[in-house]
Amino acid sequence: MSRRVAILGCGKIGESLLGGLLSAKWREPKEVVATSRRDERAGELRGHYGIEATSPRIGRAPAASSDINRVYVVIEPLPTPPLPVSRTPRG
């Protein structure tokens, strides 16, 4: 079984996950692929960690690869509408 993981959305939190996986020796750089919004950011990740990194502009979808064992989706949550608040006392 493959040990490769994909981190989709490797911003600040995704990079923390990536750093933890590598520093704890849970994964080797060759076992990690990450995506980023910007080409420059993907280049920074490749240079600093030695991993495979891509962005939507580069056009390769790592999660579609058959050798990915686990996918971490690390994106900002969508805004949610406020919940209605009842102002009537319950009795």
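The values are calculated or read from the model by the stated rules, or taken from the named source; none is laboratory data. It should be emphasised that the depicted structure is a prediction, and the values quoted were computed from it without experimental measurement. Using ideal geometry, Cβ is built from the backbone for each residue, glycine included, and neighbour counts are taken over all protein chains shown.
Note on the range 20-45: among residues that are in contact (Cβ under 8 Å) with a residue 12 or more places away in the chain and of a type in the set (Gly, Ala, Ser), the one that is surrounded by the fewest Cβ atoms within 10 Å (Cβ to Cβ) is 42.
Annotation note: of 86, 66, the sole residue that is part of a loop (DSSP other than H, G, I, E, B), farther than 21 Å from residue 1 by Cα, modelled with pLDDT under 90 and small (Gly, Ala, Ser) is 86. Please work out if residue 28 is over 15 Å from the mean Cα position of the chain (by Cα), among the acidic types (Asp, Glu) and modelled with pLDDT of 95 or more. Yes; evaluated as a whole, the condition is true for this residue.
Once the range 22-53 is narrowed to residues that are part of a loop (DSSP other than H, G, I, E, B) and not basic (Lys, Arg), the residue that is farthest from residue 66 (Cα to Cα) is 24. Residues that are modelled with pLDDT under 90 and farther than 13 Å from residue 10 by Cβ within the range 40-62 comprise 57, 58, 59, 60, 61, listed in sequence order.
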